[in-house]
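Enquirer: Below is one structure. I have some questions about it.
The values are calculated or read from the model by the stated rules, or taken from the named source; none is laboratory data. Just so we're clear, the structure is a prediction, and the values are computed from it rather than from any experiment. Glycine gets a Cβ as well: all are built from the backbone with ideal geometry, and neighbour counts include every protein chain shown. Heavy atoms of the whole protein, side chains included, go into the accessibility calculation; ligands, DNA and RNA do not. Shrake-Rupley method; radii C 1.70, N 1.55, O 1.52, S 1.80 Å.
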Amino acid sequence: MEQRVQKEHMGGHLPTRLKGLDNALCGGIPFGVLTELVGPAGIGKTQLCLKLALLASLPTAYGGLGGRVIYIDVESKFSSKRMIEMGSKSFPDMFYTKGMAQEMAGRILVLQPASLSEFTESLQQLKISLLQNQVKLLIIDSMAALISGEYGQGTARQHLLGWHISFIKSLAEFSRIPVVVTNQVRSQTRDEACQYSFQGQSREKAVEDHTGYDSHLVAALGIHWAHAVTIRLVLDSKSGKRFIKLAKSPISPPLAFPYNITSSGITLLDDDGIELTGPEINSIHCQGHSDIINFDGERFQ
């Protein structure tokens, strides 16, 4: 691990191949920290996870990390068929090489824990195997589904979530790989509004901004989880347009990038982004949003 850290100079990134987002993140999804994707169902979180898994397993000659991926698929949304479609559209020369698709598929280990206890056991077993097996990316899709499914709200959930936050952060730091976790959304009352801004606004201002938004959407796992993640990408939809918003980053400006989902995955419509100020960068909308239908009749998630 010491040799690996020295070689990487405590840094490194997994490029997303979304030019504007990679530029804003100074290279892509950073190594050694938690990156969160949060948004309503069907907005494209799993689509981005599949593309990141593809890129991490991609040979270095094609700009990938050339490593293995551990994909913890909580809600059974992982689709090898969809990933092959992304790969063949994005890298046709490589994917149509005999045996290449099978080779890359063999680098992605998909785990589907049936319960929170199974998930916890898997995490504990991962710590050593991350280094031994040249794993270059860990994806958990979705953390909220595991925690909320068994514990709902309350003190018991927060205590359990605290342990998982600490352990997942330690996995990222120990292995020096990018760890990507998806989070769902829930409705929020006006009284909670002041707790969910990283901009440091006053309680009075927060309540004023959220007047009339008693059903405003917020990340499901709460404020303690929000402070634990280093990068937060909010995927939302407003007036029928989808945006990836860089809501939290220690080095990046608060930018929003409009995007579409195509056969090759998520594509940005504008690489410059739109700079947002105040609470708008953290707000989560679901206006004019509907599931996108795949060319084969399957719904993108």
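Enquirer: Considering only protein heavy atoms, what is the solvent-accessible area of TRP163 at a probe of 1.4 Å, reported in Å² to the nearest 10?
Expert: Answer for TRP163: close to 100 Å² accessible.
Enquirer: Same structure, new question: Within the stretch 49-73, which residues have the backbone N less than 12 Å from the label spot 7 Å out from VAL110 along Cα→beta-carbon, could you tell me?
Expert: 50, 71-73
Enquirer: Holding the Cα-Cα limit at 31 Å, pick out from LYS81/LYS245; LYS89/LYS169; LYS45/LYS169; LYS77/LYS245; LYS45/LYS127; LYS19/LYS77 the pairs that are longer than that. It would help to have the intermediate numbers written out before the result.
Expert: Numbers: LYS81/LYS245 28 Å; LYS89/LYS169 34 Å; LYS45/LYS169 20 Å; LYS77/LYS245 23 Å; LYS45/LYS127 25 Å; LYS19/LYS77 26 Å.
From the list (LYS81/LYS245; LYS89/LYS169; LYS45/LYS169; LYS77/LYS245; LYS45/LYS127; LYS19/LYS77), the Cα-Cα distance tops 31 Å for LYS89/LYS169.
Enquirer: Right, another one. Ranked by accessible surface with a 1.4 Å probe, highest first, in what order do VAL110, VAL74, VAL180 come?
Expert: On the way: VAL110 50, VAL74 30, VAL180 0 Å².
Result of the area sort, largest leading: VAL110, VAL74, VAL180.
Enquirer: Same structure, new question: Please list ASP22, ASP270 in order of solvent-accessible area, largest first, computed with a 1.4 Å probe with all protein chains present. Kindly include the intermediate steps, with their values, before the conclusion.
Expert: Details: ASP22 20, ASP270 50 Å².
From most exposed to least exposed: ASP270, ASP22.
Enquirer: Kindly sort ASP93, ASP73 by accessible area of their heavy atoms, largest first, with the probe set to 1.4 Å.
Expert: The residues order as ASP93, ASP73, largest area first.
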